[in-house]
Each structure stands twice: as structure tokens, then as C-alpha cells.
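One structure is given below, encoded as C-alpha cells.
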Amino acid sequence: MNEINSDLPNAQQTAEQTEAQSAVPERTLIQVLMDNINRALIGQQEIVEMALTCLVAGGHLLIEGVPGLGKTLLVRAIAKSFSGGFSRIQFTPDLMPSDVTGHAMFDPKTETFRIRKGPAFTHLLLADEINRAPAKTQSALLEVMQEKKITIEGKSYAVNSPFMVLATQNPLEQEGTYPLPEAELDRFLMNIHMDYPSVEDEISLVKLITTGQIDDSILLDEISAVTDAQSIIDLQNQAAEITVDDVLFDYVVRIVTATRQWPGIQMGASPRASIGIIRAARALALVRGIDWVTPDEIKTVTLPVLRHRIVLSAELEIEGVSITQVVDDILTQVSAPRI
């Protein structure tokens with residue numbers, strides 16, 4: 001770990017303390033990251049918490065929201081905070097798969113083919129307006145999102161670690177867009193909706209970027225690198241060790257099973273959703289600075305994990321019932337254990 005975690009227990013600590021592996025140093029680092037990002041993303045504290053949870057869980061994030069809310073800013077702030085590699089791809093109808101992953105090109109000097117790696121070879125990949133590219137181009141991300149490697153001309157190349165895809169899309173504008181295939185949607189651990197900031201936060205934001213400034217670059221100027229890629233990997237490993245009681249595994253599976261039997265749900269969630277809820281809950285517990293998962297962490301991450309994994313029937317959509325309402329109803333009906 002880096003200097004932020006210099007408070008790690010020394011070699012004199014007892015065997016019992018060593019076994020406990022206190023989460024305080026990790027919490028310190030996460031709090032520094034959150035504070036750092038919140039300097040740029042004013043009024044979106046819950047979104048920042050969920051984004052860091054997804055990063056610590058080792059998953060990919062789909063962000064939906066109308067233009068101008070700071071979706072791209074969020075990704076750039078995360079990348080700048082841990083001095084990680086960052087690439088942005090603006091998805092358009094004419095974007096080709098090789099523009100994402102890379103391709104083999106002929107070098108006339110050596111009369112051989114060499115590999116030109118695409119922007120997907122990075123730590124954080126921003127797929128901006130991902131639904132503006134056709135399915136053929138979107139599918140270029142399937143392999144790297146699942147296996148963290150890219151195959152070019154029959155040879156596989158590993159991408160950097162940690163690796164995370166953060167994709168954005170406008171949920172309101174449908175003209176000229178292509179729905180994401182179910183297989184790709186399922187590879188996103190979480191789907192979060194970015195909403196408008198409060199009046200007070202928006203006033204602070206407007207003051208900050210209009211006083212003595214001609215653009216909003218000052219927001220990213222507030223961000224500095226506070227850790228490195230290896231520290232993020234350490235956090236991911238720490239999150240995987242967070243304690244989950246057996247009754248919570250049962251609770252999560254009952255929630256996901258309910259989506260397959262719920263009236264009005266055309267397609268329920270797969271076992272990957274159960275796995276995703278547990279991983280996200282472990283990461284959220286670490287982000288919140290606790291050593292075990294409670295039902296509260298399960299409930300907090302259930303909607304972001306399930307939102308893009310269930311399909312409502314046409315009848316419910318006509319009635320104006322949202323996935324959020326359905327998931328809330330499920331959480332109400334499925335009894336949570338007391339631990």
C-alpha cells in the first residue's frame with residue numbers, strides 16, 4: 001500500500017489482531033478517494049459511493065442520466081485519483097470493433113504485421129454513449145469485460161489490472177441508438193441512475209465554475225492522485241474477504257429467485273445477479289468501514305445490480321410501473337434475516 005496506509009499495524013501486534021485484519025487503513029484510503037472525487041462531482045455523494053463500490057468489487061458500471069450531470073467527469077475523476085490509465089471512446093454509428101480493441105497492421109519497413117493495441121488496453125475505459133454504436137461494435141467489449149483479455153489475430157493479450165468499463169447512456173433519447181444486447185448488459189455489475197443535484201449543491205457548482213473561469217476544467221484541477229493501481233487491487237482483495245453470514249447468502253438467493261416468479265416480470269435475473277449482489281455488498285461494507293455484510297448493504301446494492309437484469313412485461317410498462325418499484329416491492333416481500 002502507499003503512504004496513505006502507513007498506519008498499518010507493525011510487526012509487534014498480537015496474533016489475534018493480525019487475524020482480525022482491521023479495515024481502518026482501507027477505510028482511510030477509500031475515504032480519501034471519496035473526498036477527492038467529491039471535490040469535482042458536487043452533490044453526487046451517493047453516486048460516488050456506488051461507483052467506488054463497483055470499482056472495489058472488481059465490476060463494470062453502466063451510468064444512465066441526461067446530458068450535463070457529470071457522468072464523464074465522474075469517470076475522469078476516478079481515473080485521476082489513482083493515477084490509473086484512462087481511455088475514452090465516443091461510441092458512434094460508424095465506430096468499428098477494431099477501433100475499440102485494436103488490430104494487426106502491416107509494417108512496410110519490416111515487412112511484417114504488428115499489433116496496434118486499441119484504447120481498451122487501459123485501467124478505466126469510458127464507453128461514452130455506448131448505445132450509439134451498433135451491436136457489432138458493442139460486442140467488442142464482451143470478451144474483455146468477462147475475461148480481462150483481448151484476442152487480436154488469434155492471440156490473446158491481457159489488459160491492465162485493475163480494469164473497469166464505465167459506460168454511459170442517455171435513457172431518454174432513443175433516436176439513432178441501439179439497445180445493448182442482454183449478454184452485454186449482464187456483464188455490468190451495476191447500473192446506476194444519475195439524477196439532478198439539490199438546489200444548494202447546484203448553486204455551489206455554478207458559483208465554482210463561473211467565478212473567474214471560462215470553462216469547467218477547474219473541477220478536474222481539484223483532483224490529484226492519492227493512490228496507485230496496486231492499492232486498488234489490494235482493496236479488491238480485501239473486499240473479497242469481508243465476512244458474509246450464511247443466512248445472507250440465503251437472503252440474496254431468495255431475492256433473485258423472486259424475480260423469476262414475480263407477476264409482471266417477463267425475464268428474471270440469473271445466478272450472476274446473486275453473485276453480483278454478494279460481491280457488491282462486500283465492497284460496500286468495506287467502503288462504509290465495517291468488517292461484515294449486513295442486510296442493509298444487501299438492500300442498498302440490490303437495485304443497482306438488478307435494474308438491468310430483469311425485463312418487465314408490456315402490461316406493467318403500459319401501466320407506468322418502473323423496475324425500481326418492482327424491486328422495492330420484492331425487497332418488502334422477501335423477509336430479511338436478523339443478524
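The values are calculated or read from the model by the stated rules, or taken from the named source; none is laboratory data. Not measured: the values here are computed from a predicted model. Using ideal geometry, Cβ is built from the backbone for each residue, glycine included, and neighbour counts are taken over all protein chains shown.
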All positions within region 231-246 that are free of Cβ contacts under 8 Å to residues at least 24 places away in the same chain and assigned by TED's automatic domain parsing to the domain that holds Ile30: Asn237
Would you point out which residue out of Asp128, Asp94, Asp99 is touching a Gly at 6+ places or on another chain (Cβ under 7 Å), assigned by TED's automatic domain parsing to the domain that holds Ile233 and either closer than 21 Å to Pro171 by Cβ or modelled with pLDDT of 90 or more (or both)? Asp99
Flagged in region 223-244 as outside any helix (DSSP H, G or I), surrounded by 13 or more Cβ atoms within 10 Å (Cβ to Cβ) and touching a Ser or Thr at 6+ places or on another chain (Cβ under 9 Å), in numbering order, are Ile223, Ala225, Val226, Thr227, Asp228
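So, in region 320-334, of the ones that are among the hydroxyl-bearing types (Ser, Thr, Tyr) and assigned to a helix (DSSP H, G or I), which residue ends up farthest from Pro304 (Cα to Cα)?
So in region 320-334, the residues among the hydroxyl-bearing types (Ser, Thr, Tyr) come out as 322, 324, 332.
Filter again for assigned to a helix (DSSP H, G or I), leaving 324, 332.
Working: Thr324: 9, Thr332: 16 Å.
Result: Thr332.
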Considering residues that are buried (at least 16 other Cβ atoms within 10 Å of the Cβ) and under 19 Å from the mean Cα position of the chain (by Cα), the number found within region 294-339 is 14
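Where in region 89-158 are there strands (runs of 3 or more DSSP E), lying fully within it, with 3 or more residues that are surrounded by fewer than 16 Cβ atoms within 10 Å (Cβ to Cβ) and among the basic types (Lys, Arg)? Steps first, please.
Numbers: elements: 102-107, 112-117, 124-128, 149-152, 155-158.
Because the criterion is at least 3 residues that are surrounded by fewer than 16 Cβ atoms within 10 Å (Cβ to Cβ) and among the basic types (Lys, Arg), the strands (runs of 3 or more DSSP E) in region 89-158 that meet it are 112-117.
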Arg114 vs (1) out of contact with any Gly (no Cβ under 9 Å at 6 or more places or on another chain); (2) of a type outside the set (S, T, N, Q); (3) at pLDDT 90 or above: all pass except (3)
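Name the one entry in Pro162, Pro171 that is out of contact with any Cys (no Cβ under 9 Å at 6 or more places or on another chain), assigned by TED's automatic domain parsing to the domain that holds Ile232 and either under 30 Å from Val32 (Cβ atoms) or not in a loop (DSSP other than H, G, I, E, B) (or both).
Details: Pro171 fails: either under 30 Å from Val32 (Cβ atoms) or not in a loop (DSSP other than H, G, I, E, B) (or both).
The match here is Pro162.
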Answer residue from region 111-154, given it is over 27 Å from Gly70 (Cβ atoms) and aliphatic (A, V, I, L, M) and is farthest from the chain's Cα centre (by Cα) among those: Ile115
Taking region 305-319 only, how many residues are of a type in the set (D, E, K, R) and either closer than 14 Å to Arg260 by Cβ or assigned to a helix (DSSP H, G or I) (or both)? 3
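Residues to consider are Val305, Val256, Val244; find the one that is of a type in the set (Val, Ile, Thr), under 18 Å from Leu52 (Cβ atoms) and modelled with pLDDT of 95 or more. Even if it seems obvious, please write down each step before you answer.
Details: Val256 fails: under 18 Å from Leu52 (Cβ atoms); Val244 fails: under 18 Å from Leu52 (Cβ atoms).
Just one listed residue meets the conditions, Val305.
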Mind checking which residues of region 60-82 are crowded, with 22+ Cβ neighbours inside 10 Å, of a type in the set (Gly, Ala, Ser) and outside any helix (DSSP H, G or I)? Gly70
Going by the conditions given, is Ile218 touching a Leu at 6+ places or on another chain (Cβ under 8 Å) and closer than 24 Å to Arg39 by Cα? yes
